[in-house]
Amino acid sequence: MPSVTWDDCVVAAIAWGWIDAVRKSLDETSFLQRLTPRRARSNWSQKNVQHAERLIAQGRMQAPGLAQVAAARSDGRWATAYAGSATMVIPEDFLAALQQDPAALAFYATLKRQSQFAIYYRLHSAKRPETRQKRMAELLAKLGRGESP
């Protein structure tokens, strides 16, 4: 069944200052995709930053989208955009700390990419070093107990 592509949908949403949200299956051949206005202070992915920069260069970004970009640039969210799960790199200091706890390391080795991304995102999204250290300690403790992040 012909339809708009996922990328086209996301790009159009970004142009207007919106973002993709929950996707639900409707039946075996179709789904519902919710698009919502981007929340104030929501984080940007590196991929969406690239989409927005391309839209701006092509003159296709709309005023609401430009306002979202301006806000993200002014408060630092633009510069700290997170990598997607395919390109993320778990921080070296977390991996070094993981080596110090055999139980946590063993459980970490069983995690799927989605759970590893959850760790990456929680560490990357911390605004202050103290928050990042606290999150890292909590994540290591959970892994040591055999709990998913």
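The values are calculated or read from the model by the stated rules, or taken from the named source; none is laboratory data. A quick note: this is a predicted structure, and the numbers were derived from the prediction, not measured. Because the Cβ atoms are built from the backbone with ideal geometry, glycine has one as well, and the counts that use them run over all protein chains shown.
Pull out all pairs, ordered by first then second residue, where Cβ-Cβ is under 8 Å, the residues are six or more apart or on different chains, the first lies in the stretch 83-99 and is touching a residue at least 24 places away in the same chain (Cβ under 8 Å), and the second is among the basic types (K, R).
As it stands, the answer is G84/K47; S85/R113, since those pairs meet every condition given.
Which condition number does V22 fail, the rest of (1) in contact (Cβ under 8 Å) with a residue 12 or more places away in the chain; (2) closer than 22 Å to Y120 by Cβ; (3) assigned to a helix (DSSP H, G or I) being met?
The failed condition is (3).
Within the set of pairs 6 or more residues apart or between chains, which connect a residue that is outside the structural domain of W44 (by TED's automatic domain parsing) inside the stretch 127-138 to a residue that is part of a helix (DSSP H, G or I) with Cβ atoms less than 8 Å apart?
Partner pairs satisfying both residue conditions: R132/L123; R135/R122; R135/L123; M136/D93; M136/F94; M136/A97; M136/L123.
Would you confirm whether or not the stretch 121-138 contains a residue that is over 30 Å from T36 (Cα atoms) and in contact with a Pro (Cβ under 7 Å, 6 or more places away or on another chain)? If you could, list the steps in order and put the result at the bottom.
Taking the stretch 121-138 first, the residues over 30 Å from T36 (Cα atoms) are 129-130, 133-134, 136-138.
Retained after the next criterion (residues that are in contact with a Pro (Cβ under 7 Å, 6 or more places away or on another chain)): none.
Checked against the condition, which is being over 30 Å from T36 (Cα atoms) and in contact with a Pro (Cβ under 7 Å, 6 or more places away or on another chain), the stretch 121-138 yields no hits at all.
Residues checked against (1) under 22 Å from R77 (Cβ atoms); (2) in the same structural domain as H124 (by TED's automatic domain parsing); (3) of a type in the set (D, E, K, R):
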| residue | (1), (2), (3) |
| --- | --- |
| V11 | yes, no, no |
| A15 | yes, no, no |
| A21 | yes, no, no |
| D27 | no, no, yes |
| R41 | yes, no, yes |
| Q46 | yes, no, no |
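Quick one: R38 ticks every box in (1) basic (K, R); (2) under 16 Å from A70 (Cα atoms); (3) over 17 Å from the mean Cα position of the chain (by Cα) except a single one, so which number is it?
Going through (1) basic (K, R); (2) under 16 Å from A70 (Cα atoms); (3) over 17 Å from the mean Cα position of the chain (by Cα) one by one, R38 breaks only (3).
Quickly run through the stretch 1-18 and pick out the residues that are surrounded by 12 or more Cβ atoms within 10 Å (Cβ to Cβ), among the β-branched types (V, I, T) and at pLDDT below 95.
So in the stretch 1-18, the residues surrounded by 12 or more Cβ atoms within 10 Å (Cβ to Cβ) come out as 9-18.
So of that shortlist, the ones also among the β-branched types (V, I, T) come out as 10-11, 14.
Selection gives V10 alone.
Can you name the condition, by its number, that S85 falls short on among (1) modelled with pLDDT of 90 or more; (2) under 19 Å from L139 (Cβ atoms)?
Result: S85 passes all but (1).
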